[in-house]
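To keep things clear, I will list the structure first and then write my remarks on it.
The values are calculated or read from the model by the stated rules, or taken from the named source; none is laboratory data. Given the structure is predicted, the values throughout are model-derived calculations rather than measurements. Note: ideal-geometry Cβ built from the backbone for every residue, glycine included; neighbour counts use all protein chains shown. When the accessible area is computed, the model is the full protein with side chains, heavy atoms only, and any ligands, DNA or RNA have been set aside. Shrake-Rupley method; radii C 1.70, N 1.55, O 1.52, S 1.80 Å.
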Amino acid sequence: MKRVVVGLSGGVDSSVAAYLLQQQGYEVIGLFMKNWHDDSVTISNECPWLEDSNDALLVAEKLGIPFQTVDLSEEYKEKIVDYMFSEYEKGRTPNPDVLCNREIKFDVFMKIALSLGADYVATGHYCQKNEIEVAGKPVYQLISGADNNKDQSYFLCQLSQEQLSKSLFPIGALTKPEVREIAAEMDLVTAEKKDSQGLCFIGKVRLPEFLQQKLQPKEGKIVQIDKSDPIYSIVKPAGLTLEEELKLESQKRNYLPTMGKVVGKHQGAHYFTVGQRKGLNVGGTTDPLFIIATDVENNTIYTGLTSQHPGLFKKALFIEKSEVHWIRTDLTLKVGETMEVMARIRYRQPLQKATLHQFENGMYVYFDELQSAITEGQFTAWYLGSELVGSGVIS
């Protein structure tokens, strides 16, 4: 019997994952990760992790599997929270869920599981894994979840072959309603439980309040840029190389406060992100204002009217060489090579046609269509068919 450690989170997905593995004849152990215990930053007085660990324990008891809690809050603070603060401080928008999978669940947690003699680690992610052979060696594929509405492959876009080789995703071929049905049939306490929101494992945290503990509020201006500003009608010089052209397409626009009118004040540019609409508290505009850029050095936020403002759109993005990550290392592009893919720049975004261009200092992702709110610090992931083959941090 192969031994599997399941990350029981206290939700319905991981509960059903544990049950299915048990049915398949694995020896299953349930492990709950406690990743946060600074109660000063949860939103309400409810303590989400206590309730979750209790539910996880009840599920383990129901299934008759061993259960324990591991405290990873120190590693979580260091690898996720501190990283988040430093990224926001630089005016970038990190994705804690992607990092949490790469650094915590499939790294720190996986090492603990393997030290308990586990052959595999399993989670309740909606994605699938496949094994093929390339040049006589096993290669692991990360495949989208069967439930299009719940596919979570994007959150695992930074995993390695090594991590995938030891991972199982028991519910990847099911839809969410099917998972709930199994939980109800088994009379699991989590059957009707709502999906968790908020930061991976921290629970219900209001991001600005969370950031305010480390990043001091400081008042700055909100500037509105007109959609007909000359910055949007740059003429491309003739005779550019492909690399120069892509660089131009992916470049940040350099806004200045003098380009627009001041429409309000904010409490710190580092609390805001491109594409954001809520939380500006600016009244009296004909249409909603969207953030088109933040300048943390000068503490200025630039906005534009409507979701169709030209300041929100670009056709290309750049990933620095050190941030390009291939799950399928056998498909890695060499300098000068290109690849046609389907890509997304955020979770739940429908896949977009794009071409990867690998250069000496990094990779450009060039989209067929204009993309809204390409955001520094977020991850872009690219697919061949339903297989996620690589990803990178948007620079």
> What length, rounded to one decimal in nm, is gained on full extension from SER233 through to ASP368, with 0.36 nm per residue of separation minus their alpha-carbon distance?
Replying inline: 46.7 nm
> What translational D, rounded to a whole number of µm²/s, comes out for the chain from Stokes-Einstein when the hydrodynamic radius is the Kirkwood one over Cα pairs, at 10 °C and 1.306 mPa s?
Replying inline: 70
> What full-extension length gain, to one decimal in nm, is calculated for GLU178 and GLU219 as 0.36 nm per residue of separation minus the Cα-Cα distance?
Replying inline: 9.8 nm
> When the dipole is taken about the Cα centre of region 46-137, and only Lys, Arg (+1) and Asp, Glu (-1) are charged at their Cβ, what size is it in debye, to the nearest 20?
Replying inline: 380
> Sorted by accessible area with a 1.4 angstrom probe, largest first, how do ARG328, ARG277 fall?
Replying inline: ARG277, ARG328
> With charges only on Cβ, +1 for K and R and -1 for D and E, what is the dipole size of region 301-395 about its Cα centre, in debye, rounded to 20?
Replying inline: 260
> Taking 0.36 nm per intervening residue step and subtracting the Cα-Cα distance, what contour gain separates GLU323 from LYS2 on full extension?
Replying inline: 112.1 nm
> Hey, rough spin-label estimate for LYS137 and THR258, points 7 angstrom out along Cα→Cβ, what's it come to in nanometres?
Replying inline: 5.7
> Using a simple charge model, +1 on the beta-carbon of Lys and Arg, -1 on the beta-carbon of Asp and Glu, nothing else, what dipole does the chain show about its Cα centre, in debye to the nearest 20?
Replying inline: 840
>> How tilted is helix 48-63 with respect to the longest principal axis of the chain? Cα atoms for both, answer in degrees (0 to 90, nearest 10).
In response: 30
> If you roll a 1.4 Å probe over the heavy atoms of the protein chains, what accessible area per residue do you get for the chain, in Å²?
Replying inline: 47
> Of GLY64, ALA146, SER86, which is farthest on the positive side of the dipole of the chain, counting Cα position, with +1 on Lys and Arg Cβ, -1 on Asp and Glu Cβ, and the Cα centre as origin?
Replying inline: SER86
